[in-house]
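The values are calculated or read from the model by the stated rules, or taken from the named source; none is laboratory data. Model, not experiment: these values are computed from the prediction. Here the Cβ is made from the backbone with ideal geometry for all residues, glycine too, and neighbour counts use every protein chain on show.
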Amino acid sequence: MAEVLSQDEINALLHNVSAEKPITEQEEPEKEAQYYLYDFKHPNRVSKDQLRNLRTIHEGFSRMLATYLTTLLRTIVDVQLLSIDQVTFLEFTMAMSNPGCIWVFDIEEYEGRGIVEVSPDLILLTIERLFGGEGKQTGEIRSLSVIEQNVASKIIRRILSIYDEAWEKAVALHTNMISFEMNPQFAQVAPASETAVVLFLEVNVRNTTFPLNICFPYFVLEPIIQKLTSDAWITHSSMIKSNTDIEKLNDTVENTDVIFRAELGTSIITMGELLDLEKGDIVILDRKVTEPIELIVGERARFRGEAGQREDKLIVRILEEIVTEEDLVSQDPRRWIISRGNKGS
């Protein structure tokens, strides 16, 4: 027979049940504290998006620089962007070699200066190649002579102009070389505690790597990277395309050499007749003397003209343009015919 509970026992049991949580509820595990280390000496002042844009620009610069150095050294050169770090300016200067090859530059549109540091071994190898040597490494660390400094500075000026081209799709920059230093202590462009953004590049020549570093104090880079937004990038790129690219394209077309020849006529003869030709023989062409001759541009007849002579030189006067069906589709009809005498002889 089951035991009957008293009223006091029933009340005590109900009190204990109401104090407990329902069986359907599950206690959530305690969340671990979320924290991360922050070094106040090395603040990350450049955002991830800005770092991504900087990497894109300097990867393009690496490819352009590799092409230039390959042409300059007459051997295959590869340039890679290793990393973009934020360090104090003191740490950057402490890591530079002494004697080194350090160039200080400024940016016309912004205040402050930056630094380009190139491995002395790479500079000496480049100078030796330019002067006809094989470009062998001696492993000797020495200072550059005055002549070597002048030659190297011209190369760095060209590298800075390439650097400007790499930036022009995002922000217009115009860098100017200020000075050359061999001692890092004389290349002080920022306070020792100032945050600096350093771009570490690696130049590979004949399976040998050489460092090439570009340093910007943050106060120099800050107004520039603020413009590295997608909208600004697209706007500036479209403006560059409509102005600079068109000017470059026009300049390239205007300075491109093409073969331009005047064809008096043609004739088909046998190889035996060709071998029997002698001085004074006459070859009959398929065009009369009174007919205009064709002027060939490349491999295509583009104009008709008439031959003549001025003093001791043979000349041709353009009479008209030869218009094909393709030209009728692609060109303005008003340009089909070139009036007589509009073109010079």
Collect the residues in the range 268-303 that are surrounded by 11 or more Cβ atoms within 10 Å (Cβ to Cβ), of a type outside the set (A, V, I, L, M, F, W, C) and part of a loop (DSSP other than H, G, I, E, B), keeping them in residue-number order.
-> Arg287, Glu291, Pro292
Listed by first then second residue, the pairs whose first member lies in the range 144-155 and is among the charged types (D, E, K, R), whose partner is surrounded by 11 or more Cβ atoms within 10 Å (Cβ to Cβ), with beta carbons under 6 Å and at least 6 positions apart or on separate chains, are Glu148/Ile127
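Of the residues Thr71, Thr75, which single one is assigned by TED's automatic domain parsing to the domain that holds Ile214 and outside any helix (DSSP H, G or I)? Spell out how you get there, then give the answer.
Working: Thr71 fails: outside any helix (DSSP H, G or I).
When all the criteria are applied, what remains is Thr75.
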When both residues are 6+ apart or on different chains and their Cβ atoms are under 9 Å apart, which pairs have a first residue that lies in the range 31-56 and is assigned to a helix (DSSP H, G or I), and a second that is at pLDDT below 60 and of a type in the set (A, V, I, L, M, F, W, C)?
-> Asn53/Trp233
Count of the range 72-104 residues which are within 26 Å of Glu128 (Cβ to Cβ), modelled with pLDDT of 90 or more and polar (S, T, N, Q) = 1
Give the range 182-210 a look and list any residue that's assigned to a strand (DSSP E or B) and surrounded by 19 or more Cβ atoms within 10 Å (Cβ to Cβ), or say none.
-> Thr195, Ala196, Val197, Val198, Leu199, Leu201, Val203, Val205, Phe210
Restrict the check to the range 211-222 and report whether at least one residue is at pLDDT below 85 and over 15 Å from Phe61 (Cα atoms).
-> no
Under the condition of being exposed (fewer than 13 other Cβ atoms within 10 Å of the Cβ) and modelled with pLDDT of 65 or more, which residue from the range 38-51 is farthest from Lys169 (Cα to Cα)?
-> Asn44
Just one of (1) under 21 Å from the mean Cα position of the chain (by Cα); (2) without any contact (Cβ under 8 Å) to a residue 40 or more places away in the chain trips up Ile84, so point out which.
-> (2)
Does the range 256-266 include one or more residues that are at pLDDT 80 or above, surrounded by 10 or more Cβ atoms within 10 Å (Cβ to Cβ) and charged (D, E, K, R)?
-> yes
Run down Ile162, Ile155, Ile141 and say which single residue is within 21 Å of Thr93 (Cβ to Cβ) and either part of a helix (DSSP H, G or I) or out of contact with any Ser or Thr (no Cβ under 7 Å at 6 or more places or on another chain) (or both).
-> Ile141
Taking Ile159 as meeting all but one of (1) more than 25 Å from Gln226 (Cβ to Cβ); (2) surrounded by fewer than 19 Cβ atoms within 10 Å (Cβ to Cβ), write down the number of the exception.
-> (2)
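Okay, residues lined up against (1) among the aliphatic types (A, V, I, L, M); (2) farther than 24 Å from Ser83 by Cβ:
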site	(1), (2)
Val151	yes, yes
Asn176	no, yes
Gln185	no, yes
Ala190	yes, no
